[in-house]
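There's a structure below that I have some questions on.
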Amino acid sequence: MYRLIALGLGYLLGGIQTAILYGRLQGIEIREHGSGNAGATNTLRVLGKKAALIVFIGDVLKAAAAVMIAKLLFPDTSLLAGLYAGIGAIIGHSYPLFFKFKGGKGIAVTVGTIYFIDIRIALIVSLIFVISAWTTRIVSSSSLLLTGFIPILLYVFYKGSPNIVEIVSLGVVIAGITAYRHKENIARLLNGTESKLGSKK
């Protein structure tokens, strides 16, 4: 039961669309500009660095809130509860109930989830992302690397847990959601037409 509660809690909090709400305050519908995604990367392209930072922080905080509340509600299964809440937040961000199920790709929400699940894993995947983004200037491939390492690192740090199969499986789900949400980016990466930071959509 705690799994469903944590998942539902995460979904509702994840559905708070920072990019859409901030964009509307600026008089625009963010999903009608740039890539059409309601996330920090598209906000950066459309509204600039300050707006992107605000959206990124907002998306991180809603995931953090979901994870922390779930862990407080279910202290005996805090790791699993936090993971389910985080996955719920990622899904809610990607397919928000109150915004016609059209949201962002969930990377900032994933970052917020992992930082409040395990700071060690968060720091490692953040470093991987920064190095990749710095060298390639491609956010999508860097995001895929970030999430791809999550199940690997969950195994490394929790391989002694009796719930290790479920823990790693949830990490795979997070990576899988990212891959699915980036399927068009993956196609562009394969044919060499993916946008780089600093380029115009």
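Quick test of your reading of the structure: P96 fulfils all but one of (1) more than 16 Å from the chain's Cα centre (by Cα); (2) modelled with pLDDT under 95. Name the failing condition by number.
Going through the list (1) more than 16 Å from the chain's Cα centre (by Cα); (2) modelled with pLDDT under 95, P96 breaks only (1).
Of the residues that make up region 158-165, is at least one surrounded by fewer than 24 Cβ atoms within 10 Å (Cβ to Cβ) and of a type in the set (V, I, T)?
Checked region 158-165: at least one residue is surrounded by fewer than 24 Cβ atoms within 10 Å (Cβ to Cβ) and of a type in the set (V, I, T).
Hey, I91 hits all of (1) farther than 30 Å from N163 by Cα; (2) among the β-branched types (V, I, T); (3) crowded, with 18+ Cβ neighbours inside 10 Å but one; which does it fall short on?
Tallying (1) farther than 30 Å from N163 by Cα; (2) among the β-branched types (V, I, T); (3) crowded, with 18+ Cβ neighbours inside 10 Å, I91 fails exactly one: (1).
Which residue out of A63, A70 is farther than 19 Å from L146 by Cα and not charged (D, E, K, R)?
A70
Please find, among E184, E166, the residue that is at pLDDT 90 or above and of a type in the set (D, E).
Result: E166 is the single residue among E184, E166 that is at pLDDT 90 or above and of a type in the set (D, E).
Here's something else I'd like to know. Name the pairs: first residue in region 125-150 and touching a residue at least 60 places away in the same chain (Cβ under 8 Å), second residue among the polar types (S, T, N, Q) and open to solvent by less than 30 Å² (accessible area, probe 1.4 Å), Cβ to Cβ under 8 Å, at least 6 apart or on different chains?
From residues that are touching a residue at least 60 places away in the same chain (Cβ under 8 Å), the pairs are A133/S142; T136/S142.
Any residue that is without any contact (Cβ under 8 Å) to a residue 24 or more places away in the chain, on the phi < 0 side of the Ramachandran plot and part of a helix (DSSP H, G or I) - is there at least one of those in region 105-122?
Yes, that holds for at least one residue.
Identify the residue in region 4-28 that is open to solvent by 40 Å² or more (accessible area, probe 1.4 Å), in contact with a helix residue (DSSP H, G or I) (Cβ under 7 Å, 6 or more places away or on another chain) and not in a helix (DSSP H, G or I) and, among all such residues, is farthest from I57 (Cα to Cα).
In this case the residue turns out to be Q26.
Would you check if V46 is under 21 Å from N185 (Cβ atoms) and either aliphatic (A, V, I, L, M) or in contact (Cβ under 8 Å) with a residue 24 or more places away in the chain (or both)?
Numbers: under 21 Å from N185 (Cβ atoms): yes; either aliphatic (A, V, I, L, M) or in contact (Cβ under 8 Å) with a residue 24 or more places away in the chain (or both): yes.
When the stated conditions are applied, V46 passes them.
Results for (1) assigned to a helix (DSSP H, G or I); (2) of a type in the set (G, A, S); (3) in contact with a Ser or Thr (Cβ under 8 Å, 6 or more places away or on another chain); (4) open to solvent by 10 Å² or more (accessible area, probe 1.4 Å), shown as yes or no for each residue.
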| site | (1), (2), (3), (4) |
| --- | --- |
| V125 | yes, no, yes, no |
| W134 | yes, no, no, yes |
| S142 | yes, yes, yes, no |
| G176 | yes, yes, no, yes |
| E194 | no, no, yes, yes |
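Just checking, does region 182-200 include any residue being of a type in the set (S, T, Y) and within 25 Å of G92 (Cβ to Cβ)? Don't jump to the end; show me each part of the working.
Our first condition is that a residue be of a type in the set (S, T, Y); within region 182-200, this holds for 193, 195, 199.
The next check asks that each one be within 25 Å of G92 (Cβ to Cβ); those that pass are none.
So far as region 182-200 goes, no, none of its residues is of a type in the set (S, T, Y) and within 25 Å of G92 (Cβ to Cβ).
Hey, could you check region 39-60 for residues that are more than 13 Å from T110 (Cα to Cα) and charged (D, E, K, R) and say which is least open to solvent (accessible area, probe 1.4 Å)?
Within region 39-60, the match that is least open to solvent (accessible area, probe 1.4 Å) is R45.
The values are calculated or read from the model by the stated rules, or taken from the named source; none is laboratory data. Every value quoted in this text rests on a predicted model; they were computed, and no experiment measured them. When we count neighbours, we look across all protein chains shown, and the Cβ atoms used for this are built from the backbone with ideal geometry, even at glycine. Heavy atoms of the whole protein, side chains included, go into the accessibility calculation; ligands, DNA and RNA do not. Shrake-Rupley method; radii C 1.70, N 1.55, O 1.52, S 1.80 Å.
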